[in-house]
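Notes for the one structure printed next.
Derivation of every value follows stated rules applied to the coordinates shown; laboratory data play no part. Note that the structure is a prediction, hence the values are computed from the model and not measured. Positions of Cβ are generated from backbone atoms using ideal geometry, with glycine treated the same way; all protein chains shown enter the neighbour counts.
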Amino acid sequence: MNVLKTFTILLFCLLSGVAMAQDGAYQAERSSFAKSISVYPNPATEYIEINLDQLDANKVKLSLYNIIGNEMSAETEVIEDHKIRVRVKEFAAGYYLIALRDDETKFKGTYKFLKR
């Protein structure tokens, strides 16, 4: 699958509020994970915190993208068992996407935030 097609699907899922799911058997469970995850403050100025509630922060893989799909590097730290902090202070103002993946639970989700 080419990058543009993948990004288009990712953006559609984000804008429609659908957690990305591939296996029908896990869709309901992943949906409950997606509803328990919060990104705040939104809009952000220096940091965002991702509250994972039901997922282990040490096992979640986080990727950060700008709105046109370029992967961004960011300083991240696990601050509690279910919470990750991401430094966004140096980012330009605009919208960003956070892709979360947990291989153990097979959860995949994408979240949007605004950097001011």
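Remark on ALA57: its backbone amide H falls under 5 Å from those of HIS82, LYS83, a criterion applied only to residues 5 or more positions apart or on other chains, H modelled at 1.01 Å from N.
Sum up the charges of everything whose Cβ sits under 13 Å from the Cβ of ASN58, counting Lys and Arg as +1 and Asp and Glu as -1, but leave ASN58 out. So the environment of ASN58 carries a net charge of -4.
Converting phi to 3J(HN,Hα) with the Karplus coefficients 6.51, -1.76 and 1.60 and the offset θ = phi - 60°, region 99-116 yields 9, 10, 9, 10, 5, 5, 9, 6, 7, 9, x, 10, 9, 10, 9, 10, 9, 9 Hz in sequence order, with x at every glycine or proline. The gain in end-to-end length when the THR45 to ASN58 segment is fully stretched comes to 2.2 nm, 0.36 nm per residue minus the alpha carbon separation. Local charge for TYR96 was computed over the other residues whose Cβ lies under 12 Å away, with Lys and Arg +1 and Asp and Glu -1, and equals +2. The lysines within cross-link reach of LYS115, meaning a Cα-to-Cα straight distance under 24 Å and a gap of 8 or more places when in the same chain, are LYS35, LYS61, LYS83, LYS89.
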